[in-house]
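Written out below as structure tokens is the structure these notes cover.
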Amino acid sequence: MNTDTNIIIREYLITQATLTDIVGERIYCPRLPENATLPAVGFSTRGGIGTNPNIPGEVHCSVQFDCWDHNSIGAREVYRALYDVLQGIQFTDVTVSGTDYRIASAIEEFTGQDLQDPDIPEYLKVLTYFSFIIQAEP
């Protein structure tokens, strides 16, 4: 697969009103820019089993999501919206620059964890990980 899975995931997320009604297009990869407006989501692929030589064009990856806001209630609201648009989706088509891809599945790996950024105490986040299977369309 030539296209970065992060681009495919972001393209899907920015089309999901449940999430964008809260964060707008403030969905960043791999992390929030300095002095980012909150609420926002930052995410990046952290690994996974990669590609399967028996299924060309299919990638299995684990993705870390940080759901940010100025307080834990707001960060939890962002997390719940992210969960609602990702948990259990199957065979969802996404087009990136004219190329079709499919998110075959997305499953949360563990429930979100509330954290406070030690370097920026006024930023709170909920940390979660999702496992994805993404396929290039034939």
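Apart from one condition, residue 74 fits all of (1) within 11 Å of the chain's Cα centre (by Cα); (2) at pLDDT 90 or above; the exception is (1). Selection of region 54-70 for residues being out of contact with any Leu (no Cβ under 6 Å at 6 or more places or on another chain) and surrounded by fewer than 14 Cβ atoms within 10 Å (Cβ to Cβ) yields 54, 55, 56. Note on region 72-125: residues that are of a type in the set (Ser, Thr, Tyr), surrounded by fewer than 16 Cβ atoms within 10 Å (Cβ to Cβ) and in a loop (DSSP other than H, G, I, E, B) amount to 1. What's the number of the only condition in (1) closer than 14 Å to residue 12 by Cα; (2) touching a strand residue (DSSP E or B) at 6+ places or on another chain (Cβ under 7 Å); (3) at pLDDT 95 or above that residue 128 fails to meet? The failed condition is (1).
Every test in (1) in contact with a helix residue (DSSP H, G or I) (Cβ under 7 Å, 6 or more places away or on another chain); (2) of a type in the set (A, V, I, L, M, F, W, C); (3) closer than 20 Å to residue 7 by Cα; (4) in contact (Cβ under 8 Å) with a residue 40 or more places away in the chain is passed by residue 124 save one, and that test is (3).
The values are calculated or read from the model by the stated rules, or taken from the named source; none is laboratory data. All of these numbers come straight from a predicted model, not from anything done at the bench. Ideal geometry is used to build each Cβ from the backbone, glycine not excepted, and the neighbour counts take in all protein chains shown.
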